[in-house]
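Take a look at the structure set out below.
No lab work stands behind these numbers, since they all come straight from the coordinates. Here the structure is a predicted model, which is why all the values come from computation and not from measurement. Don't worry about glycine lacking a Cβ; one is built from the backbone with ideal geometry, like all the others, and counts go over all protein chains shown.
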């Protein structure tokens, strides 16, 4: 996509372009600052990102209540560090949403 075309895309398309698989080691600083949010693998990472970007509090609170999204736990951080995991990530300021998918 050419740089000038970014104005004509939807928020979901923009977030998709900004989503990448990233090594856990690259995300540790965000974890240390408390800004890393884990997204359950059965959710669509982009749908969650759009909801948060749109400040859809009702949906976010539902996911939080159901533990479908939550701050990354110390246990998750240890496992991802021990396994040198890669996670899918997208920034929705001030948060970094991450999703770990088991290899198939």
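Some points to look at:
- Candidate set: the stretch 67-82, residues that are touching a residue at least 24 places away in the same chain (Cβ under 8 Å) and surrounded by fewer than 19 Cβ atoms within 10 Å (Cβ to Cβ); chosen: the one farthest from residue 11 (Cα to Cα): 81
- Here residue 64 fits the description: out of contact with any helix residue (DSSP H, G or I) (no Cβ under 7 Å at 6 or more places or on another chain), more than 18 Å from residue 12 (Cα to Cα) and either surrounded by 12 or more Cβ atoms within 10 Å (Cβ to Cβ) or free of Cβ contacts under 8 Å to residues at least 24 places away in the same chain (or both).
- Residue in the stretch 31-44 that is surrounded by 12 or more Cβ atoms within 10 Å (Cβ to Cβ), over 11 Å from the mean Cα position of the chain (by Cα) and in a helix (DSSP H, G or I) present: yes
- Among the residues of the stretch 14-25, those that are under 11 Å from residue 46 (Cα atoms) and surrounded by 14 or more Cβ atoms within 10 Å (Cβ to Cβ) comprise 14, 15, 16, 19.
- Residues in the stretch 45-61 that are under 19 Å from residue 18 (Cα atoms) and surrounded by 14 or more Cβ atoms within 10 Å (Cβ to Cβ): 45, 46, 48, 49, 50, 51, 52, 53.
- Within the span defined as the stretch 1-23, one or more residues are in a loop (DSSP other than H, G, I, E, B), more than 13 Å from the chain's Cα centre (by Cα) and touching a residue at least 12 places away in the same chain (Cβ under 8 Å).
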